[in-house]
Amino acid sequence: MSISHSTWPVVLVAYNLPPWCCMKPEYVMMSLLIPGPCSPGKSIDVYLQPLIEELKVLWEVGVETYDASKNKTFQLHAALLWTISDFPAYAMLSGWSTKGKLACPCCNYDTSSCYLKHSWKMCYMDHRKFLGMDHPYRMDKRSFNGNVELRSSPALLDGEQIFEDLKDFDNVFGKKQKNKIDGPWKKRSIFFELPYWKQNTLRHCLDVMHIEKNVCDNIIGTLLDIPGKSKDHANARYDLKDMGIRKNLQPKEIDGGKKAKIAKACFNLTNQEKTIFCDILKSVKLPSGSASNISREYEEHVNNQTKGRKWKKAKTLSHDFSEWFKERASHEDVSKQLKDLSRGPNTVAKRFSSYVINGYKFQTREHDASHTTQNSGVTLVCETPSFASAKDNNPMTKAVTYFGAINDIIELDYYACFKFVLFNCDWFEVEEENFGLTSVHFNKRCSRDDPFVVDIGG
Ligand SMILES: [Zn+2]
């Protein structure tokens, strides 16, 4: 739970126990605890050395063990079957880089990849190669990449072959040697020191929990067409055009090429359909732990870390959030959107004197001054905890309306992933008058510590 450390436990699971108990905490063994502050990367082999030494003894010599059922001792032997990790750790354990053109360790040099230049992404296609030779999808050009697929699936990377290929590989560990090695192999994995490892057919497995979550997030983001989360965006449509497939979905130039029209896809939902979809999601009751909420995750964290009064906790919450968020997101396998958000915006931002959001035009005070219209006023209703004093332990939370004027409009760019618009405002004291009118005192400023309002725009 420490903010600056990422610690890597290496846990052994005894697989000859019944499946329902082999993953229970009392039956797993923590063999190593690799200290932070950051991920060990491919140098994880250095830390694994004592474990590999013990596994070798367990295989070759065994250890004398007491058998309670027979009331005598026997020589216990054990073998490592496989590793289970997420996709980035797969690269650390196997030595095969799981990024870029040859990201699939199973398809290895035959990984089908192509770069989408509009989306700035590597994509992995041609999965029809894995189907039976007579599968109808293989001849279906229209639904896939425009061609028939007659190739067979790539051969699995054989352990003996890897052992042979990498037997003279010059393993270099530590930070200084980073990025010097070309090609997908970054090391000869220490697991090959186990005499049986090269004969294991399945050496590394993936923990699908995060993969399922990411796939689900992307499907929901695309179905609901959430800006920044949908995979069906304008750039994706231009990539379709480059690939020469799905003509009806390609952008069509109108107005002599000045604008492009993008047709709706068959899975796009109407607003009404989206509402039905969200209502169902909202009403679904899930077991605890299945659904997550970022701001609630963080609040728990602060409550565990910070001893002291609620007033201090509220201060810490707003002060350290960005650092905590960045650190936590970098070490967890969270969605790309969350990662992009956690990295913070580009330090170069655009400044506007006028901005249109949801059909409303907002202008800065400076801009207003030279015009006959006034578009710099803003009101904001927000849930505000009110502390009677710094010692107040039971703050009241209620909706408070703030009145202000815009000094500055800044558009934050999260490296082309999404944009947020910030209004830098002065807030003013207000007074309820008779007849329900509110008068705003432009000479009395309040809430000077929170000048920003954010709009989650497109
Ligand atoms: Zn593959």
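Each value in this text was obtained by applying a stated rule to the coordinates, not by laboratory testing. Please read all numbers here as calculations on a predicted model, not as lab measurements. Methodologically, a virtual Cβ is constructed for each residue, glycine included, from the backbone with ideal geometry; neighbour enumeration extends over all protein chains shown.
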| remark: Those residues of segment 157-170 which are within 16 Å of the ligand (Cβ to nearest atom) and either loosely packed, with under 13 Cβ neighbours inside 10 Å or in a loop (DSSP other than H, G, I, E, B) (or both) amount to L157, D158
| field | First in segment 102-116 and farther than 15 Å from L156 by Cβ, second anywhere and within 8 Å of the ligand (Cβ to nearest atom), Cβ under 8 Å, 6 or more apart | value | A103/T111; A103/Y124; S112/Y124; S113/Y124
| task | Please find, among F428, F325, the residue that is among the hydrophobic types (A, V, I, L, M, F, W, C) and in a helix (DSSP H, G or I). | result | F325
| remark: Within segment 110-156, restricting to residues that are of a type in the set (S, T, Y) and more than 11 Å from the ligand (Cβ to nearest atom), the one that is nearest to W185 (Cα to Cα) is Y115
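Within segment 186-206, does at least one residue satisfy the condition of being outside any helix (DSSP H, G or I), away from the ligand (no atom under 16 Å from the Cβ), small (G, A, S) and without any contact (Cβ under 8 Å) to a residue 60 or more places away in the chain?
Among the residues of segment 186-206, not one is outside any helix (DSSP H, G or I), away from the ligand (no atom under 16 Å from the Cβ), small (G, A, S) and without any contact (Cβ under 8 Å) to a residue 60 or more places away in the chain, which makes the answer no.
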| request: Would you mind telling me which numbered condition in (1) touching a strand residue (DSSP E or B) at 6+ places or on another chain (Cβ under 8 Å); (2) more than 30 Å from D45 (Cβ to Cβ) W185 fails? | output: (2)
